[in-house]
């Protein structure tokens, strides 16, 4: 009988502890997810933000730049993942509210326009950065930017514009620059994550990027993932490397880990 009572008491204590843990503030904390409307030159933009509301002190902010399809579910998923790591993450809307390309042709035309007009691209990025900086949860002195494909190019262009940010990470982004001399304006540390077999980023562009970084005395890194092509983080790209753009699970995981280490070091 004593053994039975002891067993019941132990079980009761364990259950009580489980309930106490379940309802603790840390366990009940939720990631806040919301759209953020802002304006530039009278035009509306719709970004997306996420952060952990259980953290009360200011924390590092990350500007997330979408690929050529605009702010999408994939963009929001990256924002959510960064929020779970303790950052205030904000997806900038480079294209404008409601402009979300539905096919590669449309996406190529819109993104191509920004690649030709880097001044306009930088202006959209600067406004997104200011919107992130204005958030009460953000430590204004610890801000970084990451981007995917088109977004990788845009994130580096933000740095080339002389933005006061600590770090930039480009995932399979274009690395070319119409004005390599603008590299001297870069204040951020740069991490370029690149598919070693990416046919959309010519060897000449890689060489020019490295030359720009060296001449500008930037703190930079270029990581190449073997057997990976363009869009290696995007599952929707399929798995056929012969198409030039394909998902690579190994490169996807490694690049995310490399990003985390870099952001921890720089922010």
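The values are calculated or read from the model by the stated rules, or taken from the named source; none is laboratory data. Nothing here was measured: the structure is a model prediction, and the numbers come from that model. Ideal geometry is used to build each Cβ from the backbone, glycine not excepted, and the neighbour counts take in all protein chains shown.
Data table
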quantity	calculated
Tally of residues being assigned to a helix (DSSP H, G or I) and either more than 20 Å from residue 223 (Cβ to Cβ) or out of contact with any strand residue (DSSP E or B) (no Cβ under 9 Å at 6 or more places or on another chain) (or both) across region 159-183	5
Filter result (over 16 Å from the mean Cα position of the chain (by Cα) and without any contact (Cβ under 8 Å) to a residue 40 or more places away in the chain) within region 137-159	141
Positions within region 37-46 being touching a helix residue (DSSP H, G or I) at 6+ places or on another chain (Cβ under 9 Å) and surrounded by 13 or more Cβ atoms within 10 Å (Cβ to Cβ), in sequence order	38, 40, 45
Close pairs (7 angstrom Cβ cut-off, 6 or more residues apart or separate chains): closer than 20 Å to residue 245 by Cβ in region 191-213, part of a helix (DSSP H, G or I) and modelled with pLDDT under 95 anywhere	none
Qualifying position, being surrounded by 15 or more Cβ atoms within 10 Å (Cβ to Cβ) and either in contact (Cβ under 8 Å) with a residue 40 or more places away in the chain or touching a helix residue (DSSP H, G or I) at 6+ places or on another chain (Cβ under 9 Å) (or both), among 226, 174	174
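Condition check ((1) surrounded by 13 or more Cβ atoms within 10 Å (Cβ to Cβ); (2) over 20 Å from residue 33 (Cα atoms)) across all residues:
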site	(1), (2)
48	yes, no
52	yes, no
62	yes, no
85	yes, no
93	yes, no
106	yes, yes
109	no, yes
114	yes, yes
